[in-house]
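The values are calculated or read from the model by the stated rules, or taken from the named source; none is laboratory data. Everything numeric in this text was worked out from a predicted model, so none of it was measured. Virtual Cβ from ideal backbone geometry, glycine too; neighbours counted across all protein chains shown. These area figures cover heavy atoms from the full protein model, side chains too; ligands, DNA and RNA do not enter into them. Shrake-Rupley method; radii C 1.70, N 1.55, O 1.52, S 1.80 Å.
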Amino acid sequence: MNLTTEMTDYMGLQGLLTDEEKLVRETARQFVNEHVLPIIEECAQTETFPEHLIRPMGELGFYGSNLPEKYGCAGLSNVAYGLLNYELERGDSGLRSFVSVQSSLVMYPVYAYGTEAQKEYWLPKMATGEVIGCFGLTEPDFGSNPAGMRTRAVREGNGKWRINGTKMWITNGSIAHVAVVWAKTDEGIRGFLVPTDTPGFSAPQMKGKWSLRASVTSELVLEDVIVDEEESLLPGVVGLKGPLGCLTQARYGIAWGTLGAAEMCYQTALDYALNRIQFDRPIAATQLQQKKLAEMVTELTKGQLLAYQLGRLKDAGTYTPAQVSMAKMNNANIAREIASAARTILGANGIMGEYPIMRHMANLESIYTYEGTHDMHTLIIGQEITGIPAFRS
Ligand code: TGC
Ligand code: FAD
């Protein structure tokens, strides 16, 4: 088990951090070393999310950590939020997914699009982990193209809405108390806060994943779900830019998080290469394995600097969604490649759960696909630099 307290830092990233950002990173790493690494392999093997960690993470301020203190959140910088994601995903992408969804896909839309009453009611409870949320955008027939969604919300009169539809692949769905559901209306796409005990709402868990096994993934089924407009409708946004604005927040966190998984794979492979003797010398003494390790640490370092600069742009409020796409696309991709290279360095041991690599490698297949596939982010950047959207004819 790799319990190092120092992050892999080839280009002095830590020298660019504030004291608060350093403290957040160290706190999260200590939490992962003490509470996640000892149990996470068992969780993955048994397809179990470690629910007992939800409240302790709330006590440490991990949820909505870049949202204001006024709502019970930590009010941290975006770089601190990114470092938190990095450290959590060093433990497991499922844990980081839980925190990403809660923070960027549930608390963020309440904060950005909700009424003052909705913010005051939900955010403090979500910050502690007393209330868990999920985010329903993807549908069985609409993944990369959410604009086509079929879930529909209709005004009933008397201040009520009726929602019908099915969402799929929803992280935290079966353990959530409230779902942010995006639905088509006569006015365009709108967001609703749907308590999961509302009649007509169900969230069957999807079992049998070979990736993100320590994370809950569910369908959301809404059959004539009736919600109250004042409590449920997020009034601050109409149109696809609502959910896409949330995705920008979560993709930013993923750009950092994937590097944590990459670091764990790199450090495990480095350690193994230094200790594994073949032909009477450590395999780390061979040029072939050194080339792999050198390329891994180079890509990890480039990814860190990309994420850091994006974080500073985000803190300054000058970043663009396409810049976030570049960081998500690049960092998920290099993490996936680093995990794969690390697996080869461990030889047969690389496939064993005793080492964290195969778990990270499998997790990263989901991360490469969710929050916009690698291809979609390529096309978003393509659109930004050419002015031509290539998604559709
Ligand atoms: P398009 O016409 O380009 O845009 C519609 C409106 O949205 C605005 N916009 C954005 N706003 C904020 N952030 C962004 N990233 C934005 N991208 C676009 C845009 O300006 C426009 O605004 P307005 O005012 O003109 O109406 O929309 P399109 O239908 O052509 O689609 C564009 C495309 C393909 C890029 C988009 O559909 C896309 O990103 N598709 C990928 C879908 C996706 O990422 N799904 C993720 C689901 S959630 C998830 O995976 C959670 S994983 C959870 C975990 O961490 O465990
Ligand atoms: P598709 O859109 O069908 O894509 C299939 C392939 O076609 C991909 O390679 C894609 O890149 C390619 N493709 C599609 N369109 C084009 C095009 N125009 N040009 C070129 N290539 C194209 N969603 C939520 O709403 N909430 C969640 O909490 C959530 N959690 C998830 C958790 C997990 C574990 C997973 C795996 C997914 C989750 N998702 C969630 C869904 C995720 O966002 C979608 O899987 C993703 O957006 C891709 O959609 P899709 O799987 O339908 O693939």
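Starting from the Cα of Ile39, step 7 Å toward the Cβ, then list every residue of the range 121-156 with an amide N under 17 Å from that point. Zone members listed by number: 129-130. Ligands, DNA and RNA excluded, the heavy atoms of Arg155 present near 120 Å² of accessible surface to a 1.4 Å solvent probe. Per residue, the chain reaches -15500 deg cm²/dmol at 222 nm when only DSSP H runs of four or more residues are counted, each adding -39500 (n - 2.57). Its Cα centre serving as origin, the range 66-181 has a Cβ charge dipole (Lys and Arg +1, Asp and Glu -1) of approximately 400 debye.
If only the Cβ of Lys and Arg carry +1 and only the Cβ of Asp and Glu carry -1, the dipole of the chain around its Cα centre is close to 860 debye. Taking chymotrypsin sites (Phe, Trp or Tyr not before Pro) as exposed when DSSP calls them loop and at most 16 other C-beta atoms lie within 10 angstrom, the chain has its longest site-free stretch at 11-209.
Rounded to the nearest angstrom and listed largest first, the equivalent-ellipsoid semi-axes of the range 241-386 from its Cα gyration tensor are 33, 15, 12.
A straight line joining the Cα centroids of the range 247-288 and the range 48-84 runs 26 Å. Annotation: Leu270 carries an accessible surface of approximately 50 Å², with a 1.4 Å probe and no ligand, DNA or RNA atoms counted.
Using Cα-Cα distances under 8 Å and only pairs 6 or more residues apart, what relative contact order does the range 145-210 have, in percent? It comes to 27 percent, rounded to a whole number. By a 1.4 Å probe calculation restricted to protein chains, Ser340 has an accessible surface near 50 Å², given to the nearest 10. Go through the range 307-393 and name the trypsin sites (Lys or Arg not before Pro) that are in a DSSP coil and have 13 or fewer other Cβ atoms within 10 Å of their Cβ. Filter output for the range 307-393: Arg392.
Residue farthest toward the positive end of the dipole of the chain, with Cβ of Lys/Arg at +1 and Asp/Glu at -1: which of Gly372, Asn66, Tyr121? In the chain, that residue is Gly372. Using a 1.4 Å probe on the protein chains only, how many percent of the accessible area of the chain belongs to carbon and sulfur? The computed percentage sits at 54. Listed cross-link partners Lys241/Lys328; Lys207/Lys302; Lys119/Lys167; Lys209/Lys314 are compared with a 27 Å cut-off, the Cα-Cα value being larger for Lys207/Lys302; Lys209/Lys314.
By the equivalent-ellipsoid construction on the alpha carbon gyration tensor, the range 13-128 comes out with semi-axes of 24, 19, 11 Å, ordered largest to smallest.
On the beta carbon distance between Ala294 and Phe391, with R0 = 30 Å, the FRET formula returns roughly 0.20.
Remark on the chain: hydrodynamic radius 21.4 angstrom, per the Kirkwood mean of 1/r across alpha carbon pairs.
Which whole-number percent is the relative contact order of the chain (Cα, under 8 Å, 6+ apart)? The value is 17 percent. The residues of the range 9-106 expose on average 36 square angstrom of accessible surface per residue, using a 1.4 Å probe on protein heavy atoms.
Dipole magnitude for the range 196-262: about 780 debye, using +1 per Lys or Arg Cβ and -1 per Asp or Glu Cβ, origin at the Cα centre.
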